[in-house]
Amino acid sequence: MTPLSLAFLPLTDAAPLIVAGARGFAAEAGIELDLVRTTSWATLRDRLVYGQVQGAHMLAPLAIAVTLGLSQAPAALSAPFRLNVNGNALAMAPDFAAALEPDPAQRVADPLAAAHDFATAIGLHHRKPVVGIVHRFSSQALLLRYWLAAAGTDPDRDLTLRVLPPSLMVEALRVGEIDGFIAGEPWSSVAVAEGLAEIVVPGARIWRRGVEKVLAFRTDWMEANPATVDALLIAVSRAAAWCDDPANRDELVALLERPEHVGRPAAELRPALAGRLTLRHGEPPVPVPDFLLFHREAAGFPWRSQALWIYSQFVRWGFVAASPAAERAAAAVFRSDVYRRALAGTGLPMPGASMKVEGAIGAPLGVGAHEGALTLGADGFFDGGVFDPSDVAGYLAGR
Amino acid sequence: MIVDDSGLRATVLEDGLREAGYDDIHLVPPDHGFVARLERMAPDVVLMDLGSPSRDTLEEMLAVSRALARPIAMFVDRSDEAMIGAAIDAGISAYVVDGLRKERVKPVLDLAIRRFNAFARMQAELDVAKSERDQAKVALQERRTIDRAKAILMRGRDLPEAEAYALLRSTAMNQGKRIVEVAEALITASEMLRSPL
């Protein structure tokens, strides 16, 4: 057995790693998995960068930011596997949400109208709204910025983005420190259950197939330990398939509920997994299709085009100056080659390409694949935007 | 500046720093508003519990702060891996204003690491002492139970104490149970027999 330590944050989308350990998938692959529960992204990053753990459940943009030297000590990181697709939601306090379309189901159904309503609501609010984000380099923050900007809102000028750990969001909302937040589940559902917020837009309604958490390694460690990496990817991929199967949902909820994992009650964990969210306290849940994907549609496959989309957003928001070197370094963080090497021969459909034009699939589409058929679901951005990874500059010029 | 919500540990660290001759030390709990206080104080070094969920908040503030115009580097020096490892092991993170000289920062961090480790040891010793106390409490409880069962046997079967105990022990061995379990069963049974219907 090869001992391996992975750091994670107590969030629903850590499920594939938790299940790989608890359900024996890792052990079957010859890995003795030690999961290290961590309370901040900074500490998770430090544990990975300084070698206290070999891998981590990481925000995809953070893995790229660390590689580009934008988040403390620079270190080359690699992400050969996506742990999930989608899974977060923007929730706003009822007093702010009162200025939006009154029917929350309607808001979720029409995210473009909701973005325009939001822009209007900013002006009506008694102060510059404060919205909690978990990290500047989080998928959630990039999606929020994208959504706001589509309706002409400048996220750096028209509101205050406040960084808070997911576990403190609900408390901050309660004391009025923030007017809303965007975070991974279960936190939006917790805030709704306590009557402190209403879900205004799920991440999946901003980008139908948004990149979220990845399994990240230090590149030098990953290159030096190919057999262990391959074994782990097989284990986590099997675990992700197990997580996606509705037949296992009760058991999955029970696993996540444990204090050493997510440590929140079942009622708060179930909505994200079932794709049925309560948008406003006291109202019946509504279905939100594709709210959170773990495995289907090759969800684990790290499309390099998505690393480039993240890079494009870094440039857009001034986190990094555009340069061919930075663009190459960002794309190289997503290691589709390692995914292919590890999972070839497992029967998983393997995409033929490593990049795709993001946002171009309007209806489920069969795509070129080795080993079996692969159908990708609609991956549109809510504003109809299309990201061509071969022309990042052209994409940014059009924003 | 020390950001910490464990009052005792922070005090241990503060005392150490004062003994070492640093006198401009501020203790700040990581509750809401700590960032604003930090910004006003513009500290040279910020020491923070590695386990604090507020580290992301702090780093964001350090990234955008105008009061602290110069960038902030994690730990002392990126090349000093051994010290960084020791700091992480001790559970401490440090943010140092760029430009503060390394030879001035290193002793502060060294001291913080030693103090954090000492605190962790003290905490572990307290935990051991507590579990020993708990065990002693359980042992005492069990002895009382066995004494009560012995008394029931001595009265009911007119046995001397040593034989009553031997009977409990042999019954436990025959049933593959602990003596205290047999004693508990006997007490329960005896109470049921005596209680009025």
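No lab work stands behind these numbers, since they all come straight from the coordinates. Bear in mind that the values here come from a model prediction, so they are computed numbers and not experimental data. So basically every Cβ, Gly included, is an ideal-geometry build from the backbone, and we count neighbours across all protein chains shown.
Set the Förster radius R0 to 22 Å, insert the Cβ-Cβ distance between B:M41 and A:E177 as r into 1/(1 + (r/R0)^6), and round the FRET efficiency to 0.05. Please report the intermediate quantities before stating the final value.
Working: r = 20 Å, r/R0 = 0.92.
With a Förster radius of 22 Å, E is 0.60.
Averaged over peptide A:38-51, how many Cβ atoms belonging to another chain are found within 10 Å of each residue's Cβ?
So the per-residue partner count for this stretch is 6.
When the helix-only estimate is applied to chain A (DSSP H runs of n ≥ 4, each -39,500 (n - 2.57), divided by the residue count), what is the mean residue ellipticity at 222 nm, nearest 500 deg cm²/dmol?
-11500 deg cm²/dmol
Taking Cα pairs under 8 Å and at least six residues apart, what relative contact order does chain B come out at, in percent?
Over chain B, the number comes to 17 percent.
Using the 10 angstrom Cβ neighbour count as an exposure proxy, how do B:D158, B:D56 rank, fewest first? Please report the intermediate quantities before stating the final value.
On the way: B:D158 9, B:D56 28.
With the fewest neighbours first, B:D158, B:D56 line up as B:D158, B:D56.
Where a Cα-Cα gap under 24 Å defines reach, which lysines qualify for B:K177, not counting those fewer than 8 residues away within the same chain?
B:K137, B:K150
Based on Cβ point charges of +1 for Lys and Arg and -1 for Asp and Glu, what charge dipole magnitude is obtained for chain A about its Cα centre, in debye rounded to the nearest 20?
It comes to approximately 560 debye.
Indicate, rounded to the nearest 5 percent, the antiparallel portion of the DSSP beta bridges found entirely in the protein assembly as shown. Intermediate values should be presented prior to the final figure.
Working: 38 of 59 bridges.
Taking every DSSP beta bridge with both residues in the protein assembly as shown, the antiparallel ones total about 65 percent.
What is the spin-label model distance, in nm, from B:L140 to A:M1 if the labels are put 7 Å beyond Cα along the C-beta direction?
4.0
Please find the FRET efficiency linking A:L112 to B:T11, where r is the Cβ-Cβ separation and R0 is fixed at 56 Å, and quote it to the nearest 0.05.
0.55
Can you give the FRET efficiency for A:N225 and B:A124, using 1/(1 + (r/R0)^6), R0 = 41 Å, r = Cβ-Cβ distance, to the nearest 0.05?
0.80
Working from Cα positions, state the angle (0 to 90°, nearest 10) between the long axis of helix A:111-124 and the longest principal axis of chain A.
That works out to roughly 50 degrees.
Could you pull the Rg and Dmax for the range A:209-275, using just the Cα atoms, both in Å?
14.9, 43
Straight distance only, please: which aspartates and glutamates reach the Cα of A:K128 with their own Cα at less than 16 Å, same-chain residues fewer than 8 apart left out?
A:D95, A:D117, A:D154, A:D156, A:D158, A:E177, A:D179
With bins 10 Å wide starting at 0, give me the P(r) of the protein assembly as shown over every alpha carbon pair, in whole percents.
Percent of pairs per bin, in order: 3, 15, 24, 23, 15, 9, 6, 4, 1, 0.
So which aspartates and glutamates pass the test for A:K213, namely a Cα distance under 13 Å, with those fewer than 8 places away in the same chain ruled out?
Once the sequence-local aspartates and glutamates are set aside, what remains near A:K213 is A:D13, A:E185.
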